[in-house]
Amino acid sequence: MRTLDNRNHMTPSRFVPWALVWLLAACAPALDWREVRPAGGDIKLLLPCKPEHQTRSVKLGPDSVRLTLHACNAAGATWALAFGDMAEPGQVGPALDELLASNQRNLSGGDPETLPLKVEGATPHPQSRRVRFTGRMPDGRQVNVEVAVFARGMRVYQATLLGERVEAEAVQTFFGNLRPGS
């Protein structure tokens with residue numbers, strides 16, 4: 001069994017703040033929706049800006065997973081999709097739970113409100129869900145956060161939208177157009 005070097009290994013709690021700072025570095029003034037098919041993601045979605053991407057090793061449960069993040073900033077909000085492949089089917093549920101929990105922990109999130117989640121092409125899974133909560137950025141700013149976690153087979157996905165204020169129509173466009181397997 002190979003031992004991981006902790007200096008090059010990121011846990012979800014270390015990955016999310018790093019990603020949030022990176023994602024919030026720039027803001028675009030308007031929403032310019034475009035269809036995006038991230039390489040290796042087996043998913044189609046609409047984003048209001050051109051995404052950048054990074055891949056990091058993240059600890060989800062007992063194993064390390066290569067998590068790829070595609071994200072952009074528009075209209076004062078961050079729009080992001082992360083995905084990674086689990087080694088075994090039994091790891092999918094705990095990974096979905098950990099993705100959501102680490103997001104809420106890292107943003108000092110309040111009590112989450114559960115929202116409806118319907119993702120065409122996703123594998124039905126009891127831990128798939130969408131939540132909304134209010135949190136705080138590392139600099140103390142308050143943000144509204146919506147997160148959806150779901151799976152297709154052994155690939156887990158996390159779609160995240162965070163900002164001070166986001167129009168309801170834009171939220172629906174983002175979450176309503178996630179299409180795994182496309």
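The values are calculated or read from the model by the stated rules, or taken from the named source; none is laboratory data. Predicted model, so just to flag it, every value in this text is computed and none were measured. Here the Cβ is made from the backbone with ideal geometry for all residues, glycine too, and neighbour counts use every protein chain on show. Note: areas computed on protein heavy atoms with side chains; ligands, DNA, RNA excluded. Shrake-Rupley method; radii C 1.70, N 1.55, O 1.52, S 1.80 Å.
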Protection proxy ranking, peptides 127-137, 70-80, average beta carbon neighbours within 10 Å, highest first: 70-80, 127-137
As computed over the range 105-150, the Cα convex hull volume per residue (Å³): 79 Å³
Estimated inter-spin distance, D97 and T123, nm [label 7 Å along Cα→Cβ]: 1.7 nm
Label zone at E167, where the point sits 7 Å out along the Cα-to-Cβ direction: the range 31-61 residues whose backbone N lies under 16 Å: 31-34, 47-49
Heavy-atom accessible area order for R155, R105, R56, largest first, 1.4 Å probe: R105, R56, R155
Packing rank of 91-104, 138-151, where each peptide gets the mean count of other beta carbons within 10 Å, highest leading: 91-104, 138-151
